[in-house]
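Asker: Starting off with a structure, shown below.
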Amino acid sequence: MDEAEGRRRFLKSVGALGAAIPTAAAAQHAGHAPAKSEKYMFLTPVEVAFVDAAVARLIPADELGPGAKEAGVTYFIDQQLFGGYGVMAKMYRQGPHAEGTPQQGYQSPLTPQEVYRAAIAEINGACGKQYGRAFEKLASAQQDEVLRALDEGKFPLEAVPARFFFNLLLDNTIEGFFSDPIYGGNRDKIGWKLVGFPGVAAVYTQHVEKYGVPYDALPISIVDILENKATLDETGHPKHVLLTRKD
């Protein structure tokens, strides 16, 4: 794993794109407000502890702000796994299942639910043998070693290729950090505030010819609109409140 600064630089470069494109799983739940209390529906307490620890290393809290754990990414992943995404409800599941290229998308006979359940159990078991404790109880440096081994395909997993699980976990972490809070992650719009993403699109016609001028606004989420916390214009678009930049 890279140092925190490197991870943050990477996330800032992909953040705006990731925030603008909903996940396939999230698209299936569009229009549904999140539950007021975060009740985990799929992940067990042991699995929650693992994902909490893993996402905290993938997007750590640092001087720039809170990280993935603080943004509720684990809850986002749980909600997606519990829904249609977790069982591949709208995806083709017939073989063959040869290893594909990144451009070919999901290439596994296992559903995301099955991937997470099997991989976490195997990783915790291997960590217990090598370090004497489960992944979430390891020192940060040891957790980074495990994640790096998964990323490089050097961590022995039987049920699913290590790199496949790592990429799935990383993708879901980024999605949860940057998606609209209605889907359970990006708590307090942490991800959006980090990269300066304004959230739900407003009308930008008056800004079109303002070249090189940053568009800094308080981010507005779907939840804000549903709960009448955002002011809408006559077209139904939210009115963004622009911020004053401090040089």
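Asker: Please work out which one of (1) under 19 Å from PRO181 (Cα atoms); (2) outside any helix (DSSP H, G or I); (3) open to solvent by less than 90 Å² (accessible area, probe 1.4 Å) is the condition THR235 fails and give its number.
Answerer: Evaluating THR235 over (1) under 19 Å from PRO181 (Cα atoms); (2) outside any helix (DSSP H, G or I); (3) open to solvent by less than 90 Å² (accessible area, probe 1.4 Å) leaves (1) as the failure.
Asker: Just to be sure, is GLY212 assigned to a loop (DSSP other than H, G, I, E, B), out of contact with any Asp or Glu (no Cβ under 9 Å at 6 or more places or on another chain) and either open to solvent by 40 Å² or more (accessible area, probe 1.4 Å) or touching a residue at least 24 places away in the same chain (Cβ under 8 Å) (or both)?
Answerer: In short, yes.
Asker: Separate question: Quickly run through segment 171-190 and pick out the residues that are touching a helix residue (DSSP H, G or I) at 6+ places or on another chain (Cβ under 7 Å) and closer than 15 Å to ASP224 by Cα.
Answerer: Across segment 171-190, the qualifying residues are SER179, ASP180, PRO181, ILE182, TYR183, GLY184, GLY185, ASN186, ARG187, LYS189.
Asker: Need pairs with beta-carbon distance below 7 Å; first residue buried (at least 20 other Cβ atoms within 10 Å of the Cβ) and within segment 142-158, second assigned to a loop (DSSP other than H, G, I, E, B) and not small (Gly, Ala, Ser); sequence gap 6+ or separate chains.
Answerer: VAL146/PHE155; LEU147/MET1
Asker: When you check ARG133 against the structure, is it at pLDDT 95 or above and over 23 Å from GLY72 (Cα atoms), yes or no?
Answerer: Numbers: at pLDDT 95 or above: yes; over 23 Å from GLY72 (Cα atoms): yes.
Yes; evaluated as a whole, the condition is true for this residue.
Asker: Let me ask something else. Step by step: first the residues of segment 111-141, then only those that are assigned to a helix (DSSP H, G or I) and aliphatic (A, V, I, L, M), then the one that is surrounded by the fewest Cβ atoms within 10 Å (Cβ to Cβ). Which residue is that?
Answerer: In this case the residue turns out to be ALA141.
Asker: Restricting segment 184-208 to residues that are open to solvent by less than 30 Å² (accessible area, probe 1.4 Å) and assigned to a loop (DSSP other than H, G, I, E, B), which is farthest from ALA68 (Cα to Cα)?
Answerer: Of everything passing the filter in segment 184-208, ALA202 is farthest from ALA68 (Cα to Cα).
Asker: Please give the number of the condition GLY176 fails out of (1) closer than 22 Å to PRO112 by Cβ; (2) open to solvent by 10 Å² or more (accessible area, probe 1.4 Å); (3) small (Gly, Ala, Ser).
Answerer: All conditions pass for GLY176, except number (2).
Asker: Here are the criteria: (1) at negative phi; (2) open to solvent by less than 80 Å² (accessible area, probe 1.4 Å); (3) modelled with pLDDT of 55 or more. Tell me which single one MET88 does not satisfy.
Answerer: Checking MET88 against (1) at negative phi; (2) open to solvent by less than 80 Å² (accessible area, probe 1.4 Å); (3) modelled with pLDDT of 55 or more, the one that fails is (1).
The values are calculated or read from the model by the stated rules, or taken from the named source; none is laboratory data. Here the structure is a predicted model, which means the values were calculated and not measured. Virtual Cβ from ideal backbone geometry, glycine too; neighbours counted across all protein chains shown. The protein model used for the area step is the full one, side chains on, heavy atoms only, and it has no ligands, DNA or RNA in it. Shrake-Rupley method; radii C 1.70, N 1.55, O 1.52, S 1.80 Å.
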